[in-house]
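As structure tokens, the structure follows; a few thoughts come after it.
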Amino acid sequence: MREDEFFAGIAKRLGRSSALTTAPARDVVGAPDFWQSYALPEEERLEKFCVELEKLGGSAVVYDSKASLLQGLSGFLETLQPRTVGMWSGAFTAEFDVDRVLAGREVVYWGTDGANSVARMAQVDVGITGCDFAIADTGTVVLMSDIHKGRSVSLLPSVHVVLIKSSQIRTRMGEVWAEVLQQHGGHLPSSIHFISGPSRSSDIENDLSIGVHGPATVYALIWQE
């Protein structure tokens, strides 16, 4: 089929006598103003994030202090009994004081093993990360990689545990994009990951498969500050 025939067919389906020769004028570019001002209060953001993540097959638990979050994380690990735990390194470990609940376990810290970090994470059972943002509307966590925050920690283990502070939850994706651009001087960082629940794929005969291209289970442990 020739290109002009192809576009003529589309025009006919749209009720037009012929294909357009110029692009139509756009009255609105980007999100409309009313959407730009849409923002939920923090308590509602927290509740909506948990609901939306669980719709996607993830699990969210809210804790009223860092100490209770760490107790909850310890309980998760006791239940899961992973042979090896993978974790971000750097400021994240100090901020959440995660090392307190990892005593006696084999832990692989991202970036401490040079070029072997990816290979080692591929053998890890549970990956523990923080996040840069979370999005209430879609139950999404947003991770930006750096030398201490490798994407393999959230991608390669079969279970991903993400630790979130309630102050990191935004209402919608547009807020996150605006803050990321502001933080990075108008330029996007090289690697941003939007994770909405467990990995899922339906590209083979439309058969939904969980955990093929990433974790089969995602737990969000949220510290309500």
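Tell me, please, whether a residue that is buried (at least 16 other Cβ atoms within 10 Å of the Cβ), more than 30 Å from VAL29 (Cα to Cα) and at pLDDT 90 or above can be found in region 182-193.
no
Residues of region 139-164 being of a type in the set (S, T, N, Q) and at pLDDT 95 or above, which ones?
Correct list: THR140 only.
If you check VAL141 against the conditions, is it within 18 Å of LEU56 (Cβ to Cβ), within 11 Å of the chain's Cα centre (by Cα), β-branched (Val, Ile, Thr) and surrounded by 19 or more Cβ atoms within 10 Å (Cβ to Cβ)?
Yes: the conditions hold for VAL141.
Which condition number in (1) under 24 Å from ALA60 (Cβ atoms); (2) assigned to a helix (DSSP H, G or I); (3) out of contact with any Asp or Glu (no Cβ under 7 Å at 6 or more places or on another chain) is the one that SER167 fails?
Going through the list (1) under 24 Å from ALA60 (Cβ atoms); (2) assigned to a helix (DSSP H, G or I); (3) out of contact with any Asp or Glu (no Cβ under 7 Å at 6 or more places or on another chain), SER167 breaks only (3).
Which one of these does VAL28 not meet: (1) farther than 30 Å from TYR219 by Cβ; (2) touching a helix residue (DSSP H, G or I) at 6+ places or on another chain (Cβ under 8 Å)?
Result: VAL28 fails condition (2) only.
Condition (residue is at pLDDT 95 or above, under 27 Å from ASP64 (Cα atoms) and not polar (S, T, N, Q)) applied to region 195-205: is it met by at least one residue? Show your work before the answer.
Taking region 195-205 first, the residues at pLDDT 95 or above are none.
Taking every residue of region 195-205 in turn, none turns out to be at pLDDT 95 or above, under 27 Å from ASP64 (Cα atoms) and not polar (S, T, N, Q).
Determine, yes or no, whether ALA31 is modelled with pLDDT of 85 or more and within 18 Å of GLY174 (Cβ to Cβ).
Considered against the rule, which asks whether it is modelled with pLDDT of 85 or more and within 18 Å of GLY174 (Cβ to Cβ), ALA31 comes out as no.
For region 146-160, enumerate the residues that are in contact with a helix residue (DSSP H, G or I) (Cβ under 9 Å, 6 or more places away or on another chain) and either surrounded by 18 or more Cβ atoms within 10 Å (Cβ to Cβ) or part of a helix (DSSP H, G or I) (or both).
Scanning region 146-160 gives LYS149, GLY150, SER152, VAL153, LEU155, LEU156, PRO157, VAL159, HIS160.
Tell me the residue from GLY104, GLY57 that is touching a Pro at 6+ places or on another chain (Cβ under 6 Å) and either of a type outside the set (S, T, N, Q) or modelled with pLDDT of 95 or more (or both), please.
Every option except GLY57 fails the conditions.
Select from region 183-198 the residues that are among the polar types (S, T, N, Q) and within 27 Å of SER158 (Cβ to Cβ) and write down the one among them that is farthest from the chain's Cα centre (by Cα). Write out each step before concluding.
To start, the set of residues in region 183-198 that are among the polar types (S, T, N, Q) comprises 183, 190-191, 196.
Going one step further and asking which of them are within 27 Å of SER158 (Cβ to Cβ), we end up with 190-191, 196.
On the way: SER190: 16, SER191: 12, SER196: 5 Å.
Among them, the one singled out is SER190.
Does ASP146 satisfy the criteria of being under 14 Å from the mean Cα position of the chain (by Cα) and acidic (Asp, Glu)?
When the stated conditions are applied, ASP146 does not pass them.
The values are calculated or read from the model by the stated rules, or taken from the named source; none is laboratory data. It should be emphasised that the depicted structure is a prediction, and the values quoted were computed from it without experimental measurement. No Cβ is skipped: glycine too gets one built from the backbone with ideal geometry, and neighbour counts run over all protein chains shown.
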